[in-house]
Amino acid sequence: MKVKILAFLSLVALLLFSCKSTPTAEDVVDETTGVESAVEDESVTEEVDNGKTEAEKNNAKNLALLQQIETARQKAVDAGAQELFADVFTETDALYNAYKGKCEAGSGDDLSSEGKDVLARYQALEKAANAYTTKQKIDELNLSQYDPKNYQKGEQSTKELLELYGNKADINSISAKVDEACDAYAKVFLTGMKKLAAVKRSDAIAAKKRADSVFAGVGEKDAYKAASGKITKADSQLVTNDPEGAYKGYTAAETDFNKLYDSVQKKREAAQKAMEEARAKVEQAAAFASRADKEAPLGDEPVEGIEAEDAVLLEVETYDNPESAVIDVDATADGGAAAAMEAQAVSEGVQ
């Protein structure tokens, strides 16, 4: 039964903190009370039967919350918060260690309010680190030009966030401001990255056309199909708001098509050279035969080992329906939508 209660409490705690804005202090108290009441209403009889005291129930809840805090802390570390916001992270760690000590001591007190505060602080740190990372990408790629209004909003929110931390503001205010910054920077990145990805598509399409010009779909069918598939996948990512993934996909496709063009072109050049050498030998042999015929004519009778005068020794280079091997990446619904976005971005002069 203890396991069931712990599982239920863990689920409730996750639901409480999955919202973008952290509940107010009053909300936390009300929700906590509601959760405790629900647990007691459903299982009070069994708890009594099991002989579990109120203190033991509190200890179980405290430890369950501690696990959530430790998970949130690791996520904040993975996001880079420990390096980016060293002082704030250290202060939060102090609160975490104090809470952890009380939990491990098993005092029997209800520490939910204290624990939820620590949990919310680590969650805010993770979001703040993610917002900082997004801002870095925006600045490196000069994406602010595509959504200056939201960029300025993100900058202002970040400034106010640092002030809140400096003034030791409550976690509810901090969390709300972190969400503002995250939302603003996310919008800038999405808008700008879509523009860059759309232009990168034009580079991939240009490389594909070069490969089509040497019939790469015939000469290296599998590699050509794989490269086309990368554009198709990137098109889907572009129209479903994953422009970063689309940009990488178009870049990879461009590289593959350029390699295909070089590879097929080299093979064609080698084949052409071989044909020219063969033709030169045929012409040389014909000249020799002409001289020999003048000096010692053989007459009109066929001679073994010597081809007829009208014999075709070299076939003209041809392909079996080469146009049918070309894959039209714009033919799909996503491809058509991506092509429209590409045309707009190019017309706007996006670099």
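The values are calculated or read from the model by the stated rules, or taken from the named source; none is laboratory data. The shown structure was predicted, so the numbers you read here are calculated from the model rather than taken from an experiment. Every residue, glycine among them, receives a Cβ derived from its backbone with ideal geometry; neighbour counts consider all protein chains shown. Calculation scope for accessible area: heavy atoms of the full protein, side chains included, ligands and nucleic acids excluded. Shrake-Rupley method; radii C 1.70, N 1.55, O 1.52, S 1.80 Å.
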Response to the item:
The number of residues in the stretch 224-236 that are in contact (Cβ under 8 Å) with a residue 40 or more places away in the chain and out of contact with any Asp or Glu (no Cβ under 6 Å at 6 or more places or on another chain) is 6
Fill in: Residue, surrounded by the fewest Cβ atoms within 10 Å (Cβ to Cβ), within the stretch 159-183, restricted to residues that are of a type in the set (Ser, Thr, Tyr) and at pLDDT 95 or above
173
Response to the item:
So, first residue in contact (Cβ under 8 Å) with a residue 60 or more places away in the chain in the stretch 158-170, second residue surrounded by 19 or more Cβ atoms within 10 Å (Cβ to Cβ), Cβ within less than 8 Å, six or more apart or across chains; the pairs are 165/85; 165/88; 165/174
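Would you confirm, using the coordinates I've provided, whether residue 125 is closer than 22 Å to residue 78 by Cα and more than 23 Å from the chain's Cα centre (by Cα)?
The answer is no for residue 125.
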Item to complete: Of all residues in the stretch 186-214, count the ones that are under 30 Å from residue 138 (Cβ atoms), open to solvent by 20 Å² or more (accessible area, probe 1.4 Å) and of a type in the set (Lys, Arg).
Response: 4
Discussion item. Looking for something over 28 Å from residue 268 (Cα atoms) and in contact with a helix residue (DSSP H, G or I) (Cβ under 8 Å, 6 or more places away or on another chain) - is there at least one such residue anywhere in the stretch 199-215?
Written reply: yes
Practice prompt. Look through 245, 217 and report the one residue that is open to solvent by less than 50 Å² (accessible area, probe 1.4 Å) and at pLDDT 95 or above.
Written response: 245
